[in-house]
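Please read the structure below before turning to the comments.
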Amino acid sequence: MTQDELKTLVGQAALQYVVPGEIVGVGTGSTVNKFIEALAAVKDRIKGAVSSSVASTERLKAIGIPVFDANEVGELSVYIDGADEIDGVGCMIKGGGAALTREKIIAAQARRFVCIVDESKKVDVLGKFPVPVEIIPMATQRIVRQFAALGGLARLRLKDGAPLLTDNGQQILDVTGLQIRDPMAFESAVNQWPGVVTVGVFAHQCAQVCLLGTADGVKTLTY
Ligand code: 5RP
């Protein structure tokens, strides 16, 4: 099975976690796009969605699903999103699609995070995938130095030769060279650095369920 087919499988499998009559939290990325396509079939059975990015909002609206502002709704039953890496206890690296801050906000608003990934994303230790960090631009060089002190190399994410701007109008550093053996401590520490908006390690907002797309079908991992 191709990676794309595995993404389709887990996107469809995630439908079982969508609660009829409720608002579902929707993440961002190519795997979530498969989930949004699957959601089209049950759109009349849900009240709507809260979305983690402009891109997902546009896709949801295009298939006729009402999109609510996070401030308009209370606790969500479920948030469904992909990840760049997920470890053995449900901690993740996210933000490859630059939506990490809104993703973490919605994850915090949901009782259950259902992570949908193909098996290439499963790791023992987080850090092979560059850790995305959304930052306030005036703090860039100091944050780069702080990561260097931890053995990491932080590079500004570019788009068409210019710094990429997130949906929040901020920039992203991608940090290589880290092995994150204590994701909870790492997330807490980096989030305290002045100028960091969000670090793309999701340990405090880890997944409770992972739908893992494998050659043998979808495996359900719970944490
Ligand atoms: C976006 C994310 C995505 O969930 C992550 O990058 C995985 O994306 P994809 O499903 O395209 O592999 O965190 O900010």
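Placing a label point 7 Å from the Cα of ARG112 along the Cα-to-Cβ line, the residues of segment 17-37 whose backbone N sits under 15 Å from it are 17-26.
Can you flag which of LYS104/LYS159; LYS34/LYS219; LYS34/LYS61; LYS47/LYS104; LYS47/LYS219; LYS128/LYS159 are past 20 Å Cα-Cα?
Values: LYS104/LYS159 23 Å; LYS34/LYS219 17 Å; LYS34/LYS61 15 Å; LYS47/LYS104 22 Å; LYS47/LYS219 28 Å; LYS128/LYS159 22 Å.
Too far apart for the 20 Å limit: LYS104/LYS159; LYS47/LYS104; LYS47/LYS219; LYS128/LYS159.
Give me PHE186, PHE202 ranked fewest to most by other Cβ atoms within 10 Å of their Cβ, as a rough exposure proxy.
Numbers: PHE186 20, PHE202 28.
Fewest-to-most Cβ neighbours within 10 Å comes out as PHE186, PHE202.
Computed over the chain with a Gaussian network model linking Cα atoms closer than 10 Å, the most mobile of LYS61, LYS128, LYS43 is LYS61.
Fully extended, how many nm does the chain gain between LEU158 and TRP193 (0.36 nm per residue separation, minus their Cα-Cα distance)? Show your work: numbers first, answer last.
Numbers: separation 35, 0.36 × 35 = 12.60 nm, distance 2.23 nm.
Gain on stretching LEU158 to TRP193: 10.4 nm.
When every Cα-Cα distance of segment 138-223 is counted in 10 angstrom steps from zero, the calculated P(r) takes the values 15, 38, 28, 17, 2 percent. Which of VAL26, VAL199, GLN12 sits closest to the plus end of the dipole of the chain, meaning its Cα is farthest towards the positive end, when Lys and Arg get +1 and Asp and Glu get -1 on the C-beta? Farthest towards the positive pole: VAL199. Here the Kirkwood formula, the inverse mean of 1/r across different C-alpha pairs, assigns the chain a hydrodynamic radius of 17.5 Å.
Find how much the distance from ALA148 to GLU72 grows on full extension, using 0.36 nm per residue of separation minus their present alpha carbon separation; answer in nm with one decimal. Can you show the working numbers first?
Numbers: separation 76, 0.36 × 76 = 27.36 nm, distance 4.06 nm.
So the extension gain works out to 23.3 nm.
Computed extension gain for ALA215 through ASP44, at 0.36 nm per residue and net of the alpha carbon distance, reaches 58.4 nm. So which aspartates and glutamates pass the test for LYS121, namely a Cα distance under 12 Å, with those fewer than 8 places away in the same chain ruled out? Filter leaves ASP84, GLU85, ASP87. Assuming charge only on the beta carbon of Lys and Arg (+1) and of Asp and Glu (-1), the dipole of the chain about its Cα centre is about 240 debye to the nearest 20. By the count of other C-beta atoms within 10 Å, a proxy for reagent exposure, PHE113, PHE147 are ordered fewest to most as PHE147, PHE113. Taking every alpha-carbon pair under 8 Å whose residues sit at least 6 apart, the chain reaches a relative contact order of 23 percent.
This ranking places THR101, THR220, THR2, THR57 by how few other beta-carbon atoms lie within 10 Å of each, fewest first, which gives THR2, THR220, THR57, THR101.
Every number here is computed from the coordinates shown, using simple stated rules; none is lab data. Values in this document were obtained by computation on a predicted structure and should not be read as measured data. Every residue, glycine as well, gets a Cβ built from its backbone with ideal geometry; the counts of neighbours run over all protein chains shown.
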